Structures are given as structure tokens and as C-alpha cells.
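The values are calculated or read from the model by the stated rules, or taken from the named source; none is laboratory data. Because the structure is a prediction, the values reported are computed rather than measured. Cβ coordinates were reconstructed from backbone atoms using ideal geometry, including for glycine residues, and neighbour counts include every protein chain displayed. What goes into the accessible areas is simple: the full protein's heavy atoms, side chains included, and nothing from ligands, DNA or RNA. Shrake-Rupley method; radii C 1.70, N 1.55, O 1.52, S 1.80 Å.
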Amino acid sequence: MFMSISTTGSAESPATDLGFLLHKHPGKVQRFTTSHGEAHVFYPVAGDEVCTAALLLDIDPIALVRKGRGNGKGRGGSPDFALSQYVNDRPYAASSLLAVALRTVFRSAMKGDCALRPELPGQVRPLRIELPAVPANGAGEGGGPAMVARLFQPLGWRVEASAIPLDEDFPEWGESRYVRVALASDAVRLADALHQLYVLLPVLDGAKHYWVAPDEVDKLLAAGEGWLAAHPERALIARRYLSRRWSLTRAAMERLELARLAEADDREVEEIDNAVDDRPDDEDAGTETTTATTAAETADAPVPRPPSLAEQRRTAVLTALRDSGAARVADLGCGQGELIGELMKDARFTEILGVDVSARALQAANRKLRPARLPERQAARVTLAQGALTYTDARLKGYDAAVLCEVIEHLDLPRLPALEYAVFGSARPRAVVVTTPNVEYNVRWESLPAGRARHADHRFEWSRAEFGAWAGKVAAAYGYTVELRPVGPEDPEVGPPTQLALFRTDTTTPGTGTTTTPEGGETR
């Protein structure tokens with residue numbers, strides 16, 4: 001099993017700097033022991049203008065049989081291991097064996113460490129990587145040279161890939177499943193190149209020489225950091241790297257999508273995957289019961305618990321949705337699925353989509369809703385999907401209504417116009433229900449310090465006037481009318497604890513609150 005890495009240079013920037021990057025001296029032949037044989041690193045060419053480092057992996061077939069899974073059955077085994085103890089392609093074709101050897105031999109290079117020349121790892125220099133024999137199994141996914149191009153070209157590589165014939169003396173026998181590969185780039189750092197090979201060689205092969213355990217997801221995401229989340233074939237890569245284990249692939253895809261959304265927003269993953277915490281479902285400060293304590297509550301007779309503000313919010317949202325006549329509803333920023341659970345109790349809501357940026361929130365919603373335990377027709381009503389509401393999404397189109405329940409205040413104000421366009425402009429449901437705290441009511445909670453928001457993640461909280469102005473502006477911009485409704489008991493001085501806006505493109509259904517026309521006027 002053979003691989004070479006070449007670079008070019010000049011007297012000012014000699015190609016032999018490759019030796020510093022790989023931590024392997026160009027003047028030496030070095031040997032390393034791996035779990036299935038020996039790896040040799042040497043330099044066929046080492047000069048200022050051209051330098052080539054070669055990795056030769058000498059597989060011990062006896063060690064392969066003893067430490068492998070000889071018969072290839074069980075635990076996700078590959079058919080390649082069922083060939084024989086003596087005849088198979090593992091010692092010759094680049095596979096997960098070579099990927100593991102890369103990590104063993106070039107560990108420091110993959111980390112981007114270079115103590116002697118710390119400036120080198122961050123530099124981009126011309127690279128050419130050659131692999132004489134790479135298995136490119138299709139398995140219904142389009143193998144061969146085309147798969148090599150699909151995997152490497154989006155990463156900035158110029159790909160030369162040609163199928164190797166079964167026998168050059170008998171061309172009529174056709175092509176083998178092996179491909180001769182050469183990759184060239186002037187835009188990929190060496191550390192990134194090694195990480196990409198570490199992931200994509202097993203992907204091309206479609207098999208691994210060891211059992212794929214749950215920690216393989218962490219290995220995939222660590223090696224794919226910075227490039228895998230945005231790769232157009234990330235689903236294929238995850239599926240084949242994880243030996244088509246569905247549960248591991250799903251976990252990897254959720255984390256990759258979260259990384260992609262975080263990168264698009266230029267934020268840390270932890271900042272946007274914060275929807276699940278130890279707080280109760282009432283996110284607001286204070287007790288959130290909206291009925292004052294009375295003498296009856298101190299008596300021995302039990303008193304029914306007054307509805308929490310979260311429950312009153314959900315009731316108000318359901319009322320607004322029924323008033324709009326919606327049957328197909330998208331809950332945007334669905335969190336742990338409390339509203340979805342209420343929607344499922346009403347047969348008039350025939351299709352429900354829950355969208356949240358947080359994979360943890362969606363997992364919690366899935367546990368709460370337990371779709372696998374529901375009758376098939378009932379479970380088919382609900383779909384959970386990961387997505388960012390500040391980007392247009394074709395999945396959101398076609399719904400009768402969308403709900404943004406306690407969502408907008410979690411966005412930075414400069415990003416709010418992007419959400420407005422994604423929901424009101426691109427998805428454009430017939431109705432949109434928005435709820436948000438009324439900041440004026442905060443003074444009524446004794447446990448909330450003055451000037452503090454109700455939740456640590458709230459980026460803003462609006463007064464009634466500010467919310468009304470925003471709602472009127474959005475309605476005018478996107479051709480909706482808007483009706484403002486209180487949620488919770490209205491205080492004569494500071495108003496209700498929560499405020500709701502019902503946007504509609506069709507105003508024939510009567511409402512129960514203040515309606516603002518697109519021109520900004522009000523009717524009662």
C-alpha cells in the first residue's frame with residue numbers, strides 16, 4: 001500500500017520544508033509499527049524545487065486475520081474480509097488501514113504542530129498526492145472515478161482519477177473497482193489534506209477493518225472540522241464512514257448541520273445549541289402564575305393551580321391558529337415540542353412541522369412526543385427538522401400558518417430582518433402568530449431584579465408600543481394585516497405579561513383585538 005505527497009518550492013522557500021511539516025527528515029528512511037504491519041516513510045526526491053515524501057504500508061496478513069474479523073460477518077463487517085485468510089486486497093489498496101497509518105505516522109502534522117518552524121503549518125503550498133490503487137465501491141451510490149471527483153473536488157482539489165482494468169492484457173474483461181488517483185491543489189494546507197484523506201479513504205472503500213463504535217462519530221467530526229459541514233456530499237460521507245449504521249449516521253448529521261448553521265452565523269455551536277436547559281418550560285422569571293395568592297389558598301381545602309403563563313401562551317396561540325382556519329402549521333423555534341403536543345390533540349391540525357436550530361431540543365421533543373409509539377396516521381402528522389430561521393428554507397413553504405412563540409427575542413436585532421424575510425417573504429404562510437414578552441410587565445415580578453430580562457438569552461424585550469410598531473412595519477412590508485392580542489391578565493398600568501400578533505393575508509375572519517392595516521392605521 002503506497003501513497004506519495006509532493007510539493008514544489010524555490011531557494012527562498014525550499015520544497016524540503018515538507019520535512020518540517022511532516023516531522024520526517026528527508027535524509028532518513030524511518031519505520032513505524034502499526035497494529036497490522038509496518039509503515040515506512042522515505043523521500044524519493046528531496047530538493048529545493050521538488051520534494052516527495054512516500055508512505056509505504058507493509059501489511060502483515062497474519063496480523064490482519066488475527067486482529068480483524070476474518071469472516072467479515074457481524075458487527076458491520078465488510079465482504080472483503082470474507083475472501084480468504086490469504087487472498088484479499090487489504091495489503092495493496094488504500095483503505096482504512098492507510099487512514100489509520102496516516103494518523104499514526106503523521107499525527108503532529110495533522111495537528112498542525114511544527115515547533116521548529118511554527119509559521120509553516122498555516123501556509124498554503126502546492127501539493128500533489130498520488131495513490132496508485134484506491135477501491136471506489138459504488139454500492140448503488142455511484143462509485144469509480146466519479147465518486148473520487150464528488151468527494152475531493154468540492155475541497156479545492158484538481159482530481160485525476162482513472163479506473164484500473166481487471167487485466168491490461170484482456171481489456172474486454174472491463175474495469176476493476178480500483179482507481180488510480182492523483183490530487184493537486186494550490187489552496188489546501190497539508191494538515192487539512194491529511195484530515196481529508198483520513199476521512200475519505202474509508203469512505204471510498206465503503207468498509208473499515210475494525211468495528212465502528214459510537215466514538216467514530218467524534219473521530220469523523222474532529223477530522224472533518226472546518227470542511228465537512230459545508231461539503232455537498234456530507235450525508236454520503238457520514239453514511240459510508242460510519243459503515244451505514246443508521247443511528248450513528250443520524251447523530252453525525254445532526255451535529256454537522258449544527259456546525260454548518262453556526263459557521264453560517266459566525267457563532268459558536270454552544271451559542272445556538274442552547275435551547276435545552278434545566279429550567280421549566282416557563283422561561284420567564286418569577287413564578288409565572290398570574291393569579292395573586294388569596295386567603296383561600298392558605299386554607300386546608302385544595303385549590304386548583306392557576307394556569308402558568310406558558311400554558312396561557314399556548315392557549316392563546318391555539319386560539320389564533322383556529323381563528324385563522326389553519327390546518328397545516330409550522331412551529332418555528334419549536335424547542336422541546338410543548339406546542340406541538342397541544343396541536344396534536346386537535347384533529348383540525350392535519351400536518352405539523354417543528355423546526356429548531358438546536359439538535360438537543362429536537363431530541364428532547366422527539367422523546368416527549370414519542371412518535372414511534374403513536375398510531376401510524378397520528379405519527380405521520382408530525383415532522384421535526386433542524387434549521388435556522390434566519391435563512392430561507394424551501395421546507396417552510398406551503399403551510400397555512402407559522403408560529404414564532406417566544407422566538408424573536410432570542411435573536412440579535414440586526415438579524416431580525418433576515419428572519420422577517422425568511423418567514424414573511426420567502427415561506428409566506430397565510431397566517432403568522434408571533435408572541436414575545438411585554439417588558440413593561442417585568443416590574444410586576446418581585447423575583448426579577450430591575451433592568452433584568454426575563455431570560456439570560458433574551459437579546460431584547462419590547463414594550464407594547466415597540467412591538468406594535470414592529471408588527472405594523474412587517475405587515476406593511478410583506479402585505480399582511482396584523483391583529484394585536486394580550487396574553488395573560490391585563491394590568492391597567494403595564495398591560496399583559498405577553499403580547500401576541502396575528503398576521504394574516506386574508507382579513508375576512510373576524511378577530512378579537514386591535515387590527516393594524518398595512519398602512520399602519522388601527523380599527524376596532
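Among the residues of the range 343-367, write down those that are without any contact (Cβ under 8 Å) to a residue 60 or more places away in the chain and in contact with an Asp or Glu (Cβ under 6 Å, 6 or more places away or on another chain). Within the range 343-367, just Gly354 meets the criteria.
Yes or no: Gly333 at pLDDT 90 or above, in contact with a Cys (Cβ under 8 Å, 6 or more places away or on another chain), over 21 Å from Tyr480 (Cβ atoms) and open to solvent by less than 70 Å² (accessible area, probe 1.4 Å)? Answer is no for this residue.
Scanning the range 176-209 for residues being part of a strand (DSSP E or B), among the small types (Gly, Ala, Ser) and touching a Pro at 6+ places or on another chain (Cβ under 9 Å) gives a total of 3.
Any residue at all in the range 368-377 that is closer than 19 Å to Ala427 by Cα, open to solvent by 30 Å² or more (accessible area, probe 1.4 Å), in contact (Cβ under 8 Å) with a residue 24 or more places away in the chain and part of a helix (DSSP H, G or I)?
no
Of all residues in the range 347-367, those satisfying the criterion of being touching a strand residue (DSSP E or B) at 6+ places or on another chain (Cβ under 8 Å), more than 21 Å from Leu256 (Cα to Cα) and assigned to a loop (DSSP other than H, G, I, E, B) are Phe349, Thr350.
Just one of the listed residues (Leu201, Leu166) is open to solvent by less than 40 Å² (accessible area, probe 1.4 Å) and not basic (Lys, Arg), namely Leu201. Return the pairs, sorted by first residue and then second, in which the second residue is hydroxyl-bearing (Ser, Thr, Tyr) and at pLDDT 90 or above, the first residue lies in the range 154-174 and is assigned to a strand (DSSP E or B), the beta carbons are less than 7 Å apart, and the residues are 6+ apart or on different chains. Between residues of the range 154-174 that are assigned to a strand (DSSP E or B) and residues that are hydroxyl-bearing (Ser, Thr, Tyr) and at pLDDT 90 or above, the close pairs are Arg158/Ser185. Looking across Arg459, Arg485, one residue alone is charged (D, E, K, R) and more than 19 Å from Val357 (Cα to Cα). It is Arg485. Taking the numbered list (1) at pLDDT below 90; (2) at positive phi; (3) touching a strand residue (DSSP E or B) at 6+ places or on another chain (Cβ under 6 Å) in turn, Gly156 passes all entries but (1).
Residue count for the range 309-346 under the criterion of being assigned to a strand (DSSP E or B) and within 13 Å of Glu406 (Cβ to Cβ): the result is 2. Consider the range 29-50 and keep the residues that are at pLDDT 90 or above and in a loop (DSSP other than H, G, I, E, B). The one that is farthest from Arg117 (Cα to Cα) is Val29.
Quick check on Arg267: is it open to solvent by 50 Å² or more (accessible area, probe 1.4 Å), outside any helix (DSSP H, G or I) and either at pLDDT below 90 or in contact with a Leu (Cβ under 6 Å, 6 or more places away or on another chain) (or both)? Here the answer is yes, as Arg267 does meet what is asked.
Taken residue by residue, the range 215-223 has no member that is closer than 21 Å to Leu102 by Cα and part of a loop (DSSP other than H, G, I, E, B). Taking residues in the range 236-247 that are more than 16 Å from Ser95 (Cα to Cα), and partners anywhere that are among the hydrophobic types (A, V, I, L, M, F, W, C) and in a loop (DSSP other than H, G, I, E, B), the pairs with Cβ atoms closer than 8 Å and at least 6 places apart or on different chains are Arg245/Val212. For the range 224-250, a residue qualifies if it is open to solvent by 40 Å² or more (accessible area, probe 1.4 Å) and not in a loop (DSSP other than H, G, I, E, B), and the qualifying residues are Arg234, Ala235, Arg239, Trp246, Ser247, Arg250.
Screening the range 204-220 for residues that are touching a residue at least 24 places away in the same chain (Cβ under 8 Å), surrounded by fewer than 21 Cβ atoms within 10 Å (Cβ to Cβ) and not hydrophobic (A, V, I, L, M, F, W, C) and picking the one that is farthest from Ala251 (Cα to Cα) gives Tyr210.
Of Val439, Val487, Val482, all but one fail to be open to solvent by 20 Å² or more (accessible area, probe 1.4 Å), within 25 Å of Leu318 (Cβ to Cβ) and of a type in the set (Val, Ile, Thr); the exception is Val439.
Within the range 110-118, is even one residue surrounded by fewer than 19 Cβ atoms within 10 Å (Cβ to Cβ), on the phi > 0 side of the Ramachandran plot and either at pLDDT below 90 or part of a strand (DSSP E or B) (or both)? Yes, the range 110-118 contains a residue that is surrounded by fewer than 19 Cβ atoms within 10 Å (Cβ to Cβ), on the phi > 0 side of the Ramachandran plot and either at pLDDT below 90 or part of a strand (DSSP E or B) (or both). Output yes when any residue across the range 271-282 is within 29 Å of Tyr441 (Cα to Cα) and at pLDDT 60 or above, and no when none is. No, the range 271-282 contains no residue that is within 29 Å of Tyr441 (Cα to Cα) and at pLDDT 60 or above. Per the conditions (1) within 26 Å of Pro232 (Cβ to Cβ); (2) outside any helix (DSSP H, G or I), the sole criterion not satisfied by Pro132 is (1).
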